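Enquirer: Please find one structure pasted underneath; my questions will follow.
The values are calculated or read from the model by the stated rules, or taken from the named source; none is laboratory data. Fair warning: this is a prediction, and the values are worked out from it, not measured in the lab. Quick reminder, even Gly has a Cβ in these numbers, built from the backbone with ideal geometry, and neighbours come from all protein chains shown. In case anyone asks, the SASA skips ligands and DNA or RNA and just uses the protein heavy atoms, side chains included. Shrake-Rupley method; radii C 1.70, N 1.55, O 1.52, S 1.80 Å.
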Amino acid sequence: MVDWYREDLAYIHDVGHADFALKSAPGILEILKDNGIPDGLVVDLGCGSGLWARELLGAGYRVHGIDISEAMIELAWQKAPGAEFRVGSLFEAEIPPCDAVTAVSEVLNYLFDPAYEERGLRDLFGRVHGALRPGGVFVFDVLGPGQVPAGVKKQGFSKGPDWAVLNEKEEDEETGTMERRIVSFRRVGDLYRRTDEVHRVRLYGPQETAAALGRAGFEVRTMGSYGGYPLGENHAAFVARKT
Ligand SMILES: C[S@@+](CC[C@H](N)C(=O)[O-])C[C@H]1O[C@@H](n2cnc3c(N)ncnc32)[C@H](O)[C@@H]1O
């Protein structure tokens, strides 16, 4: 069992933060179709609770989802029972031969896998390139530097009928990373259960990401939105096509 997206935060992400996956979905489906991929196998890295997998199934694709969080994968089996799911790190798990690979909602930024921290995205891009058929695409988004002004601890909260989340973000310009300290409360019976998690992410600028994709052999398009759904500031999406 890993220490991130444990049972309660996985539940809260699924019920309270579904917007990103659901609002990105029409734009990403369009990207797949525009690239001549109207069906076939999509490997979804960091698939979370299967929200995007369910959209893909509905559009006629087969789906293989991979996520490091057992709790997320448990939800995904319930949400998208027609898909295949696996618990594992996307930086190590075998990526089966496929038509498209996706990693939606800043999945590649997370530093949940210590072995990966040193290697950066380079290995992953090579592995994805190897798994895709010619003409296949890798669609993903990453956060870049500049999420929080230097020296600031930015605090926020979100809430739903049976949960609340407090968070504090701090960026370290020198290491190019950001830490999110997350305190979540979920109602269990008459009481609220508290869980603390710390998520570290590495921030990748759009130029360095596009250059690394190019070195792995991809033709690259950088975007500020998935179709009509705009990403936030310093948040870029990529369509990397294997020629
Ligand atoms: C912000 S959530 C997005 C989930 C889903 N893609 C969505 O859009 O709803 C990030 C997900 O990436 C997963 N993740 C982070 N690092 C990972 C890794 N090394 N291997 C597999 N999954 C990872 C987390 O467990 C989490 O489910």
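Enquirer: If you check D123 against the conditions, is it at pLDDT 95 or above and not in a loop (DSSP other than H, G, I, E, B)?
Expert: So D123 fails the test.
Enquirer: So for the range 188-208 (the condition being within 29 Å of E94 (Cβ to Cβ), in a strand (DSSP E or B) and among the basic types (K, R)), does at least one residue qualify?
Expert: Yes: the range 188-208 contains one or more residues that are within 29 Å of E94 (Cβ to Cβ), in a strand (DSSP E or B) and among the basic types (K, R).
Enquirer: Identify, from the list G146, G160, the residue that is touching a residue at least 24 places away in the same chain (Cβ under 8 Å) and over 30 Å from G126 (Cβ atoms).
Expert: G160
Enquirer: Now for a different question. Scan R180, R133 and give me the residue that is open to solvent by 50 Å² or more (accessible area, probe 1.4 Å) and either outside any strand (DSSP E or B) or closer than 27 Å to S225 by Cα (or both).
Expert: Matching residue, one of R180, R133: R133.
Enquirer: Now, a different point. Just to be sure I understand, how many residues within the range 87-120 are among the aliphatic types (A, V, I, L, M), more than 7 Å from the ligand (Cβ to nearest atom) and part of a loop (DSSP other than H, G, I, E, B)?
Expert: Residues in the range 87-120 being among the aliphatic types (A, V, I, L, M), more than 7 Å from the ligand (Cβ to nearest atom) and part of a loop (DSSP other than H, G, I, E, B): 3 in total.
Enquirer: In the range 207-243, what residues are under 19 Å from L132 (Cα atoms) and charged (D, E, K, R)?
Expert: R215, E219, R221, R241, K242, listed by residue number.
Enquirer: If the requirement is being touching a residue at least 12 places away in the same chain (Cβ under 8 Å), over 20 Å from M223 (Cβ atoms) and within 9 Å of the ligand (Cβ to nearest atom), which of these qualifies: D14, D3, D44?
Expert: Result: D14 is the single residue among D14, D3, D44 that is touching a residue at least 12 places away in the same chain (Cβ under 8 Å), over 20 Å from M223 (Cβ atoms) and within 9 Å of the ligand (Cβ to nearest atom).
Enquirer: Out of all the residues in the range 209-241, which are open to solvent by 40 Å² or more (accessible area, probe 1.4 Å) and in a strand (DSSP E or B)?
Expert: Answer for the range 209-241, where residues must be open to solvent by 40 Å² or more (accessible area, probe 1.4 Å) and in a strand (DSSP E or B): E219, V220, R221, T222, Y229, P230, R241.
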